[in-house]
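All of the numbers you see were taken from the coordinates with simple rules; none came from a lab. If you're wondering where the values come from, they're calculated on a predicted model, not measured in any experiment.
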Amino acid sequence: MTLNAGFTATAVVDLYLARGRLRAEIPLHGFSRLSDLFNNAPGEFIGAFTHMTSLAGEGGVVRRELVVRLRDVRLVRPIVERMPQASQGGYEQRLPARVVLDLDDWQVTGDIHLVDRVRWLDFATGARNRFISVNNASVRFVNVPEPLECEYLLVNGARISALYEVV
């Protein structure tokens, strides 16, 4: 997802961890895409701010400093209400593939865009230390009857336990 140049230097996202979801406001540190930010974060943590609606009657947002271990993040979902228009950022020259990704107790079905056709073993090996962009995603959580539908999300490649293409 590419952000407009005039947009403020933060993105509001839902971070899905093993034990729940955190809404966070993340400084982009000069990056224009969330995937670039997560794939180039120095160290094993990423800094952010909690993003909670205030109950104090002003209807504002409460922000508190937050640190999250990157390897514990399963999914990153941008929140549309604060995100500007997205562009596909060069995906039109790539080969789309519909895949299923198993992450712990979750299953993500969606489109990834490959620069070139590669064996899935090579793709999974290369993705183990990266966050993978997935479009038109459907996320199924254990014991949750309705899937989460997302136009765009990031999947932590280190959390993938199985991957296969939907034919």
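One table, with the values for the structure above:
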item: Gain upon complete extension [Leu121, Arg63; 0.36 nm per residue less C-alpha separation]; result: 16.8 nm
item: Under the Karplus curve 6.51 cos²θ - 1.76 cosθ + 1.60, θ = phi - 60°, whole-Hz ³J(HN,Hα) for the range 23-38, x wherever Gly or Pro sits; result: 8, 9, 9, 10, x, 7, 6, x, 7, 9, 10, 4, 4, 5, 4, 5
